[in-house]
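Working notes, structure below.
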Amino acid sequence: MTTSDAGVEPGAVQKLALADGREIAYAKTPPVQTDAPGVVFLCGYRSDMSGDKAQHLQSWAQTTGRGFLRFDYTGHGASSGDFEEGTIGAWARDAYDAITMLTEGPQILVGSSMGGWISLITIKRLLQEGAQDRIAGFVGIAAAPDFTEDMMWSRFSEAQRTELSISGKVALPSEYTPEHPTIVTRRLIEEGRDNLVLREPLALPFPVRLLQGTADRDVELTVALQLLAHIECGDARLALVKDADHRMSTPRELALLVETLETLPR
């Protein structure tokens, strides 16, 4: 593993070079407020760390002195790898490596859409390893746990399932990039089943905050309600934002995200 923060401007993009050949692009703001948990932002599917939420949180961290980390999964953004070869488990491994190698002390994981699922997989692994002191909280923004099974496979037509079985991939139209359809691979679907988090007990022994827009057409409100009901947590809350869509990136919604982080119990 190769990385060095010496002489690097806070928030500048760097590369974490790993022994297996992966290079994870990241940007880190060292903490000044050493008594406050750091914050790690985990992006969504086909998104990256240059998005509005990640950039806004970096600016907030630099202003307030909070430690902050944002990064790209392999096959996303500036990291190495091919997106179509990616899987939920591989991206969760990226997240685990980035968090354990690039941060110290307790962290609040902020997961957007797929990043919510990746956060929960990473949290489960850290808890199983006895590293519960590394997690201070979880904030899910339109979190999409188990989406490959519940929002893709379960909604595929017979024709799409047949195409996936025969060719190994299927193209889905994208509202955000109409000229570039989303390519879903059979491997993504099948491997996703090894990482489902809503099929067995999910204990989260720290504050949990879920933010969900009522106009979200990608992740329905029922998903947030299911997650809230499923987790075992003594301090879990769901905030609904009227008319907010899946992006949750307007000034109002970014302000809510910051407020949520600043008011989490320490």
Complete set of residues in segment 210-235 that are of a type in the set (A, V, I, L, M, F, W, C), within 22 Å of residue 196 (Cβ to Cβ) and surrounded by 18 or more Cβ atoms within 10 Å (Cβ to Cβ): 210, 219, 223, 224, 227, 231
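Residues checked against (1) touching a Phe, Trp or Tyr at 6+ places or on another chain (Cβ under 9 Å); (2) crowded, with 21+ Cβ neighbours inside 10 Å; (3) modelled with pLDDT of 95 or more:
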| position | (1), (2), (3) |
| --- | --- |
| 46 | yes, no, no |
| 50 | no, no, yes |
| 58 | yes, yes, yes |
| 62 | yes, no, yes |
| 67 | no, yes, yes |
| 70 | yes, yes, yes |
| 74 | yes, yes, yes |
| 79 | yes, yes, yes |
| 87 | no, no, yes |
Count - residues of segment 220-255 that are assigned to a loop (DSSP other than H, G, I, E, B) and over 17 Å from residue 121 (Cβ atoms): 12
Positions within segment 117-149 being in contact with a Phe, Trp or Tyr (Cβ under 8 Å, 6 or more places away or on another chain) and hydroxyl-bearing (Ser, Thr, Tyr), in sequence order: 119, 122
Scan of segment 218-256 for residues that are touching an Asp or Glu at 6+ places or on another chain (Cβ under 7 Å) and closer than 19 Å to residue 147 by Cα, ordered by number: 245, 246
Boolean, residue 255 is of a type in the set (A, V, I, L, M), surrounded by 11 or more Cβ atoms within 10 Å (Cβ to Cβ) and without any contact (Cβ under 8 Å) to a residue 12 or more places away in the chain: yes
Positions within segment 170-196 being of a type in the set (A, V, I, L, M, F, W, C), within 14 Å of residue 151 (Cα to Cα) and surrounded by 16 or more Cβ atoms within 10 Å (Cβ to Cβ), in sequence order: 184, 188, 189, 196
Helices (runs of 4 or more DSSP H) wholly inside segment 68-184 containing at least 1 residues that are within 18 Å of the chain's Cα centre (by Cα): 88-102, 114-128
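The values are calculated or read from the model by the stated rules, or taken from the named source; none is laboratory data. It should be emphasised that the depicted structure is a prediction, and the values quoted were computed from it without experimental measurement. Here the Cβ is made from the backbone with ideal geometry for all residues, glycine too, and neighbour counts use every protein chain on show.
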